[in-house]
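The values are calculated or read from the model by the stated rules, or taken from the named source; none is laboratory data. The model shown is predicted, which means the values in this text are computed figures rather than measured ones. Neighbour counts are summed over all protein chains in view; Cβ atoms, including those assigned to glycine, are modelled from backbone coordinates with ideal geometry.
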Amino acid sequence: MYCFGISLPRFRERHAYLSRHLAEVWGPRCEITGYEGPVPDPNAPFQPDLTAGQIGCALSHMSAYERMIALDLPHALIVEDDVVLPPKIHQIVAGIEAALRPGDVVLLFNWAETVGPFSSVDTVTIGEYRLCLPMDMSSLGTAAAYVITRSAAEGILRANRPVAVTSDNWAYFFERGALTCGRALVPNAVSRKPFESTIFTSRSRIAAFLKGNPILKPLFAARRRVLAERVAAKLTFVDETSPLAGQAPR
């Protein structure tokens, strides 16, 4: 599978990290892309509540989709520049590829603001992970690392121009027919580096202080791990078929 890294050269530390990491862990079948052009006015009527950084991030992900289509790829792995891929990433992605359906998006890292239940019915085992359907698309969050099919990429390009939502608003894309459904690997297959956000500053004063101090950065990394564990602990399963299971490919 081909991999697209999302990063901009002007964020030198993150760009250098992702370049090294993909070369070491993923291999040659990858490229780094991102949107460097002018960002539309975030106060425009069709972009409520979005920062310029969020709009630029969405455009960067869409630049990867355009490259995916230009290369005539059926699917691809998309990763942002703070992602840490596991040593067995190729085996994991091969398992996801075997289970892909038209219009699919599969998250390798999920951090939703609203953690709803997932279905325990018809899960797919991929090594130590399970590929699961949420009971509702709002349970999927972040675009840190995911596999996307070409038809889903084409759908998002149609649904999010001009940019109306962030790159990880999977429920919005689903509601507008851009993708068939989304699934997530449980537990998360990737982790994240403690970089400062390039989209907006930390909402937490504690996080901002820890990230701004080189000596205390390890504490921020530990804090992020604890938060991820808390999100994982909230994850629940129900012995019911997900309403998304019967969605026909679009």
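I'd like to check something: does region 99-119 contain any residue that is within 25 Å of Val25 (Cβ to Cβ) and more than 16 Å from the chain's Cα centre (by Cα)?
First pass over region 99-119, keeping only residues within 25 Å of Val25 (Cβ to Cβ): 99-100, 104-111.
Still in the running and more than 16 Å from the chain's Cα centre (by Cα): 99-100.
Taking every residue of region 99-119 in turn, at least one turns out to be within 25 Å of Val25 (Cβ to Cβ) and more than 16 Å from the chain's Cα centre (by Cα).
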* To do: Give Glu229, Glu196 a once-over and let me know the one that is in a loop (DSSP other than H, G, I, E, B), within 19 Å of the chain's Cα centre (by Cα) and either at pLDDT 70 or above or of a type outside the set (Val, Ile, Thr) (or both).
  => Glu196
